[in-house]
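Structure record follows, encoded as structure tokens.
The values are calculated or read from the model by the stated rules, or taken from the named source; none is laboratory data. Computed from a predicted structure; not experimentally measured. Cβ sites come from the backbone with ideal geometry, for glycine too, and all protein chains shown count toward neighbours.
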Amino acid sequence: LTDLYEDLKDRMDEKELTFTMNLQYDFQFIGNKTLIHILLYNLMVNAIKYNKKNGSITIVDGFLDSHYFLSVSDTGIGMNENQKKQIFNRFSRIDTNEEGNGLGLAIADSIAFFHHIIIEVTTKLDEGTTFRLCFPNNEKHNK
């Protein structure tokens with residue numbers, strides 16, 4: 001995540017976004033490092049792309065029902081229920097004025113499925129969106 005922040009800092013600076021990362025746990029996960037990087041990259045790019053000027057992006061972790069989670073939240077444009085239902089479909093885009101071909105979240109969803117990670121999405125129109133990645137149980141974590 002620190003590497004992703006460095007890679008995307010210029011894009012965040014363009015929109016004057018505040019970035020906060022509050023990770024409390026040293027969670028060990030066995031998976032394909034490149035694919036996980038792509039998954040997180042796609043979530044971060046969307047948090048930037050669909051955010052409002054002077055908005056923020058927040059990354060936190062924790063445990064929910066004994067499952068480790070990592071969430072990426074933004075203060076962006078949010079989505080309505082119909083848009084939310086379509087976001088993991090290929091070529092689906094909630095804002096046709098933005099660059100991209102609508103594959104980022106479809107790819108993220110495929111990578112998550114491959115790793116048995118569940119993606120939960122909460123969103124409110126004009127307030128923002130949170131993508132929470134719920135990882136499969138793994139007992140190798142430390143506070």
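Structure data summary
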quantity	calculated
Failed condition for Leu43, given (1) out of contact with any helix residue (DSSP H, G or I) (no Cβ under 9 Å at 6 or more places or on another chain); (2) modelled with pLDDT of 95 or more	(1)
Segment 12-32, residues that are surrounded by fewer than 15 Cβ atoms within 10 Å (Cβ to Cβ) and either part of a helix (DSSP H, G or I) or aromatic (Phe, Trp, Tyr) (or both)	Asp13, Glu14, Tyr25
Matching entry among Gly62, Gly78 (being in contact with a Gly (Cβ under 9 Å, 6 or more places away or on another chain) and touching a residue at least 12 places away in the same chain (Cβ under 8 Å))	Gly78
Counted residues, segment 4-35 - those being more than 22 Å from Pro136 (Cβ to Cβ), in contact (Cβ under 8 Å) with a residue 40 or more places away in the chain and of a type in the set (D, E, K, R)	1
Index of the failed condition, Asp65 passing every other in (1) among the acidic types (Asp, Glu); (2) under 27 Å from Asp13 (Cβ atoms); (3) more than 13 Å from the chain's Cα centre (by Cα)	(2)
Any hit, segment 74-97, residues being modelled with pLDDT of 95 or more and of a type outside the set (Gly, Ala, Ser)	yes
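The rows are residues; the columns are (1) crowded, with 19+ Cβ neighbours inside 10 Å; (2) farther than 23 Å from Asn137 by Cβ.
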position	(1), (2)
Ile38	no, yes
Asn54	no, yes
Asp65	no, no
Gly76	yes, yes
Met79	yes, yes
